């Protein structure tokens, strides 16, 4: 990383500090060229964003007075360690009335213990608390499938969830 904190003046990093940017496999961002793609030097993993890059973006957002954006970058940095299928399952489980409080709390525990994602775990715990207050949790007594079930692509939004 960098010893000095980044500021908004450092944006965009790819132009002002490309030396700070690396792929998840450790290649410098300057190695991401069309020639490298064509020659097979790059893999799909090289084209993903590294958690360190997202943390740098969070620093830039904070320096620009955008703490919510910084928090989003930090959640995204944690999510780079979570398999895509698990992220889709989480998305489905976080829909209103899709999960019970117990299921959401179990998801938060899994995020923390399996993926070392405490920021995301806190978000899921907050969702469980807010859903409970707003009566948006699934019925504990109903025949519910666990959040680990197949992902439902369609998301229905009712008037109550928009409030």
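The values are calculated or read from the model by the stated rules, or taken from the named source; none is laboratory data. Source: prediction; values computed, not measured. Positions of Cβ are backbone-derived with ideal geometry, glycine not excepted, and every protein chain shown enters the neighbour counts.
Exactly one residue out of 98, 102, 117 is more than 21 Å from the chain's Cα centre (by Cα), free of Cβ contacts under 8 Å to residues at least 60 places away in the same chain and in the same structural domain as residue 131 (by TED's automatic domain parsing): that is 102. Based on what the data block shows, is residue 111 at pLDDT 95 or above, surrounded by 14 or more Cβ atoms within 10 Å (Cβ to Cβ) and assigned to a loop (DSSP other than H, G, I, E, B)? Criteria not met by residue 111. For residue 22, are the conditions met, namely being touching a residue at least 24 places away in the same chain (Cβ under 8 Å) and over 26 Å from residue 123 (Cβ atoms)? It is true that residue 22 is touching a residue at least 24 places away in the same chain (Cβ under 8 Å) and over 26 Å from residue 123 (Cβ atoms).
Among the conditions (1) within 22 Å of the chain's Cα centre (by Cα); (2) within 27 Å of residue 123 (Cβ to Cβ); (3) surrounded by fewer than 16 Cβ atoms within 10 Å (Cβ to Cβ), residue 8 misses just one, which is (1).
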